[in-house]
Amino acid sequence: MSLAYITPSERFKKYLPKDYVELIDFGPFGKTQEEAGPGNMGQFKELMEEHPMCSGCWMAYYIRLIFASLPCPEETVTIGTAGCGRLAISQAAVPFIYGNYGDQNAMASGLTRAFRLRFPDKTKDVITIAGDGGTMDIGFSMTMHSWIRGERFTTIMLDNEVYGNTGGQSSGMSPKGAVLKMAPMGKDFEKMPATDLAKAAGCVYIVRMSPTNIKAAAKVIRRAIFVAREVGPTFIHAYTSCNIEYSIPTEDVFADAIELGKGRFKFDEYMTDEAKIVIERVEGEEKAARKARKAAKVAEAVN
Amino acid sequence: MSAVQRPVLNKKQVEMNYLLHEAPREKHFITGAQAMSEAVKRANVDMAIAYPITPQSEVMHLVGDVFAQGHIKEYYRAEEELGTMSAIAGASRAGVRLFTATSGPGLIRGLEAIASWPGHRVPAVLGILTRVINAPLSIQPDNLEMAYMLYSGAVMLHAENQQDTFDFTLAAFAIAEKVDVYIPVAVATEGFFVTHAKGYVDMMSEDLVYKEFDPVASPVPAMDNETPPARIQRDAPVQKSNFMSYLIHSVWQQEIWDSNSRAMKYIYEYLGGPVEVLNPGSDIMLLASGCAAAQAREAHRYAQEEGLSVGLVKVKAIRPFPRTEIREALAAAKTVIVPEHNIVGWLCTEVKAAIPNGGIVHEGPRVFGGMTLPVELIMFEIYEALGIEHTIKL
């Protein structure tokens, strides 16, 4: 029903906002990644277009990428918390739940379980998207325990290494020595080992990355969602710089992301054997479907 | 075992009015904790989430057993109360019936999430088994934590005994889920005095259950990507600082408190009203809620035996506060005595503000920190107010 319930009847269309109708007609709902994935961004009606983030915000780019990569946006619910990210996430055409401070993984635990009991035969993707403060500081206990319980949803941490939305305070994910608000003498302890913690807590698919390569970033997002559907908790730790608080000139934002991708955000992908089986199966199926579509196209052209 | 493989029991689904008022009942001798879990069993709850704290634990253990027997579809122990209350808010978006319970410090820990439930339009039922708020540490009954709930927006019922605990908990689900209410209902009763003590409870057969949760009958559709209208927001004015966001927030707050007021007609329908009045028009009116009402009831009985002009107002609903009913019940009173199980006297304050002649409301008697409330304490106040000589020494 999910795609049907957002599709208006033809006669009703003229009364609906143009933006909504275009989203149904030209959006990514029900389409494949080749038709409406990150590779074709700008050529289809995207789930997230406008956003109120700062000029040059790398987080806004990555959030757009998340929405363009969703395997099934019409069956997805996102959950977030206070922070810059929610300003953009809430503008996407996917149901978004804005909870209290750092409680996104607790909410997702309840939501995922309730979805499974109400819709045992359907796939409903739940994704929490929160910042480093929401995920690793104020929400730490709820993040960790959702993983320890083996809750089957995807956690994406938008790590800008600072509390951007509240005005640039030091977070647990800020690097040691960083002079930020509330750490006026420089942060005196190490950046939290988020991916190690995720591994210890039982996440079955974990990636740390600086998402500079669109294709690679999209692949990771999809893998995390596919694995969470069947195996267990998955975690993406992505660098999404704050060019304001870290004073990165807008034109240097990409170079900074490349630089950190060689350093503390060096690509690291971990998966359990069970997760690997799912990934190989799903990606194999996708490849076969792509091949079949291509063959059909060729056959059509020949005929 | 996953939620999908839970055993399915063959039960008859009925309306709440039939369940509460018509279904044949049998007398049982059980604790308040049992009474609450027996109500949950008959409420057709989809999911319960628990985090232990004395004296609530007993309730949520029993609810766990109810889950194991197949009466509830999903149940788990969460990491702590904030996680519990947040998970309730999350699960609610999927359109299911929910129950949890807590006590004293646990309620305070979960309060950030609980206070957001009405705004999230979460029609869950919350058991509050009262307990002292630390420090110093104590696990004893004291209902100070209810004062912190008064402005949360939730409907609040206060049970006097095991029977009330059963009936109020069951009715709470129907009240919470009314389309014109759709906010949480808290059912409070005193820890230990009620939760761990046995009393007679008339219960209907457990083969009868409240009709299942209807996620469509909601003022705010479930976020399940199934229930229209679609909740796709391309713009989120509430998230921004501008006049529209202030306006939306103020309208939303008004709606929550209007919803709270609209619960009153259902409190009449299911529980016969928010107050119970004995001997209306007496010179002295005892006014109490929860366990204090049981002691006030006993003092009222003593007073009747002695031929004194003493009446009783038992307050069942703390929110919406029965201002009109209390005004009416106290219209002829010369003195109002408000026994309470807390130091601040939150009920006393509410009553004073509700009537035009607040000066007739006597402060106390109050016990706290787990102290019991001897009937003599109340009798002392009655004798003093009537100017009768007595031998009670405090």
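Scanning the range B:1-49 for residues that are modelled with pLDDT under 95 and within 14 Å of chain A (Cβ to nearest Cβ) turns up B:Met1, B:Ser2, B:Ala3, B:Val4, B:Gln5, B:Arg6, B:Pro7, B:Val8.
Note on the range B:207-231: among residues that are surrounded by fewer than 16 Cβ atoms within 10 Å (Cβ to Cβ) and at pLDDT below 85, the one that is nearest to the other protein chains (Cβ to nearest Cβ) is B:Pro228.
For (1) surrounded by fewer than 24 Cβ atoms within 10 Å (Cβ to Cβ); (2) closer than 14 Å to B:Leu170 by Cα; (3) hydroxyl-bearing (Ser, Thr, Tyr), each residue gets a yes or a no:
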| site | (1), (2), (3) |
| --- | --- |
| B:Ser57 | yes, no, yes |
| B:Leu62 | yes, no, no |
| B:Arg77 | yes, no, no |
| B:Leu82 | no, no, no |
| B:Arg93 | no, no, no |
| B:Thr100 | no, yes, yes |
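Taken over the range A:280-303, the criterion of being of a type in the set (A, V, I, L, M, F, W, C) and closer than 30 Å to A:Tyr205 by Cβ is satisfied by A:Val282, A:Ala288, A:Ala289, A:Ala292. If you go through the range A:22-45 and pick out every residue that is free of Cβ contacts under 8 Å to residues at least 40 places away in the same chain and buried (at least 21 other Cβ atoms within 10 Å of the Cβ), you end up with 1. Counting the residues of the range B:338-368 that are within 30 Å of B:Leu137 (Cβ to Cβ) and either within 22 Å of the chain's Cα centre (by Cα) or surrounded by fewer than 18 Cβ atoms within 10 Å (Cβ to Cβ) (or both) gives 18. Here B:Pro118 fulfils each of the conditions (1) free of Cβ contacts under 8 Å to residues at least 60 places away in the same chain; (2) touching a Gly at 6+ places or on another chain (Cβ under 6 Å); (3) of a type outside the set (S, T, N, Q) apart from (1). Of all positions in the range A:10-19, at least one carries a residue that is within 14 Å of chain B (Cβ to nearest Cβ) and part of a loop (DSSP other than H, G, I, E, B). Residues in the range A:87-124 that are more than 7 Å from every other protein chain (Cβ to nearest Cβ), in a helix (DSSP H, G or I) and either basic (Lys, Arg) or over 15 Å from the mean Cα position of the chain (by Cα) (or both): 1 in all. Scanning the range B:101-120 for residues that are facing chain A (nearest Cβ under 10 Å) and of a type in the set (S, T, N, Q) gives a single hit, B:Ser116. Number of residues in the range A:125-146 that are crowded, with 24+ Cβ neighbours inside 10 Å and at the interface with another protein chain (Cβ under 9 Å from one of its Cβ atoms) equals 3.
Among the listed residues B:Ala94, B:Ala89, identify the single one that is touching a His at 6+ places or on another chain (Cβ under 6 Å), assigned by TED's automatic domain parsing to the domain that holds B:Ala48 and closer than 30 Å to B:Lys11 by Cβ. Let's see the steps before the verdict.
On the way: B:Ala94 fails: touching a His at 6+ places or on another chain (Cβ under 6 Å).
Answer to the check: B:Ala89.
Where strands (runs of 3 or more DSSP E) fall wholly inside the range B:260-330, the ranges with 1 or more residues that are in contact with a Cys (Cβ under 9 Å, 6 or more places away or on another chain) are B:284-288. Within the range A:196-231, track down each residue that is more than 30 Å from A:Glu34 (Cβ to Cβ) and either assigned to a loop (DSSP other than H, G, I, E, B) or under 16 Å from the mean Cα position of the chain (by Cα) (or both). Within the range A:196-231, just A:Gly202 meets the criteria.
For the range A:65-86, taking the residues that are at the interface with another protein chain (Cβ under 10 Å from one of its Cβ atoms) and assigned to a helix (DSSP H, G or I), the one that is farthest from A:Gly30 (Cα to Cα) is identified as A:Arg86. Residues in the range A:95-116 that are surrounded by fewer than 24 Cβ atoms within 10 Å (Cβ to Cβ) and either more than 20 Å from A:Thr234 (Cα to Cα) or in contact with a Pro (Cβ under 6 Å, 6 or more places away or on another chain) (or both): 4 in all.
Is it true that some residue in the range A:176-183 is at pLDDT 95 or above, under 20 Å from A:Tyr62 (Cβ atoms) and more than 14 Å from chain B (Cβ to nearest Cβ)? No, the conditions are met nowhere in the range A:176-183.
Annotation note: of B:Gly32, B:Gly70, the sole residue that is touching a Ser or Thr at 6+ places or on another chain (Cβ under 6 Å) and either loosely packed, with under 14 Cβ neighbours inside 10 Å or within 19 Å of B:Phe168 (Cα to Cα) (or both) is B:Gly32. Residue pairs whose Cβ atoms lie under 6 Å apart, sitting 6 or more positions apart in sequence or on different chains, and linking a residue in the range A:216-245 that is under 16 Å from A:Tyr61 (Cα atoms) to a partner that is among the polar types (S, T, N, Q), are A:Ala218/A:Ser69; A:Ile221/A:Ser69; A:His237/A:Thr195; A:Tyr239/A:Ser210; A:Thr240/A:Asn160; A:Ser241/A:Asn160; A:Cys242/A:Asn160. Evaluating A:Phe189 against the criteria (1) farther than 30 Å from A:Cys57 by Cβ; (2) free of Cβ contacts under 8 Å to residues at least 40 places away in the same chain leaves one unmet condition, (1). Selection within the range B:52-80: residues that are within 18 Å of the chain's Cα centre (by Cα) and without any contact (Cβ under 8 Å) to a residue 40 or more places away in the chain. The member of this set that is nearest to the other protein chains (Cβ to nearest Cβ) is B:Val63. Note on the range A:155-175: residues that are at pLDDT 95 or above, surrounded by 22 or more Cβ atoms within 10 Å (Cβ to Cβ) and farther than 30 Å from A:Arg229 by Cα amount to 5.
The values are calculated or read from the model by the stated rules, or taken from the named source; none is laboratory data. Here the structure is a predicted model, which means the values were calculated and not measured. Don't worry about glycine lacking a Cβ; one is built from the backbone with ideal geometry, like all the others, and counts go over all protein chains shown.
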